[in-house]
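Reviewing the structure listed below.
Read-outs: derived from the displayed coordinates by stated rules, not from any lab. Quick caveat, the model's predicted, so the values are computed rather than measured. We place every Cβ from the backbone using ideal geometry, glycine too, and count neighbours over all the protein chains shown.
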Amino acid sequence: MSRVISNLNGRLDCYFDAKNLPLIVKILSANDQKIMELKSKRGRVRCITEIKRENLPHCKEIMKNFELYHTSCLTGSFLIADGQEYAGYLMDANGREKLLHITNPSFVDSQQFLFDAMIDRALPARQRITEIGRGTEEEFMETIRDSFRVKSIVLDLIGSAIYEIAILFSTKNSFLIAEREGILEKIGRISKQGVKVKILVMQDETVKEISNTKLKMPHQNIQVNYLQQLLPTKITTFIVDQTKSLTVEVNDDTRETLQEAIGLATYSNSESTVFSNVSMFESLWIQSELDKQNKARHAYFQLFKGFKLKDEVYNRRWSFDREKEEAAKE
């Protein structure tokens, strides 16, 4: 299977049941560089499996580089490379492992057709993970006054992320407090495990420097956008996998520690509450993107503002025009 992957040119499709999922993780990890190279060339890598709570760590590994999908009651394991090679993983009744390698075009085409048909009906991994997160816990909403417990929940929440973390810092000092408390370091570590992180924070030169040196440059999965205008309320919001959110009031962000700076916090997995926080975050994120584009556009026009440019019209007489004029004179 590793040899098949090493010869990839444009596409890899994997179909692995839950029992053999550790195998595909091992194979993909051994060929991580090749898969990254394929993705950099806009190749497509997809995988179907049965996502369960007990195999979430393996699914998380696959999601680092793959489009992952879920379907129930899978049996069998195989991969298709570039629509031309089929490699099937077999195990007999005695537990002996075998590999079925086929390059016959008609057979590979039929397996590719079945794979494509199945992926059209499969559930995206993020949706399935959200279902698991909401299905294993009763819906709750808790108001927390203990600032030490709030910090503990923040760190636990970040550590539990499967695919995405969104964080809103409504003031620059709340971001700096998070940096001092080791929260940004924790975010950096979790992003290395393939978790995508989006951070919104008020624009400030110190914040930008920390963002660039400690977040964006060393960690490719972290995006930071900057708010141009102050928000009406001082809050810090953490949203994980769109299933849980923690909203923390910032009473006095001039203090040095998180415990001194914060007030009440609301922790919830309620779908309506989480959706409301996600919607607010996405709206602010879109606005920050628009502000960034407008700023770049303004800088571009300012660049040429100092030049005294004028409109000039150039005429050129082509040879065939001159020939016509001379013929007319004759």
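By the count of neighbouring beta-carbon atoms within 10 Å, fewest first, 92, 109 end up ordered 92, 109. Secondary structure note: in the chain, about 65% of the DSSP beta bridges are antiparallel. Across region 1-145, Cα-Cα pairs farther apart than 26 Å form 27% of the total. Annotation for region 49-80 versus region 81-139: alpha-carbon center distance of 8 Å.
What the pair-distance distribution of region 88-224 shows, using all Cα-Cα distances binned every 5 Å from zero, is 2, 7, 12, 14, 12, 11, 9, 8, 7, 6, 6, 4, 1, 0 percent. Here the Karplus relation 6.51 cos²θ - 1.76 cosθ + 1.60, evaluated at θ = phi - 60°, turns the backbone of region 50-55 into coupling constants of 9, 8, 10, 4, 6, 10 Hz, with x for every Gly and Pro. Under a Gaussian network description of the chain, with springs only between Cα atoms under 10 Å, the residue in 118, 63, 91 that fluctuates furthest is 91. Would you mind classifying region 29-91 by shape? Square roots of the alpha carbon gyration tensor eigenvalues, ordered a ≥ b ≥ c; an a/c under 1.5 is rounded, otherwise it is prolate if a/b is larger than b/c and oblate if not. Cα axes put region 29-91 in the oblate bin. Taken over region 140-286, the alpha-carbon convex hull comes to 98 cubic angstrom per residue. The spread of Cα positions in the chain, taken along each principal axis and listed from longest to shortest, comes to 100, 69, 33 Å. Our analysis of region 120-162 gives Rg over Rh at 1.13, with the two radii drawn from alpha carbon positions and Rh computed by the Kirkwood formula.
Along region 9-14 the Karplus relation, 6.51 cos²θ - 1.76 cosθ + 1.60 evaluated at θ = phi - 60°, assigns HN-Hα couplings of 10, x, 7, 9, 10, 10 Hz to successive residues, with x for each Gly and Pro. Across region 172-177, computed HN-Hα scalar couplings (Karplus, 6.51 cos²θ - 1.76 cosθ + 1.60, θ = phi - 60°) run 5, 5, 5, 5, 5, 4 Hz from first to last residue, x flagging Gly and Pro. Straight-line cross-link reach from residue 214 at under 18 Å between alpha-carbon atoms covers these aspartates and glutamates, not counting any fewer than eight positions away in the same chain: 179, 181, 185, 204, 205.
Under the combined filter of DSSP loop state and at most 16 neighbouring Cβ atoms within 10 Å, region 139-226 retains these chymotrypsin sites (Phe, Trp or Tyr not before Pro): 140. Build a GNM of the chain with springs between Cα atoms under 10 Å: which of 161, 93, 81 gets the top mean-square fluctuation? Of 161, 93, 81, the most mobile in the Gaussian network model is 93. Quick one: Debye curve from the C-alpha atoms of region 90-161, no solvent, what's log10 I(q)/I(0) at q = 0.15, 0.21, 0.26 Å⁻¹? The calculated log intensity ratios at q = 0.15, 0.21, 0.26 Å⁻¹ are -0.82, -1.06, -1.15.
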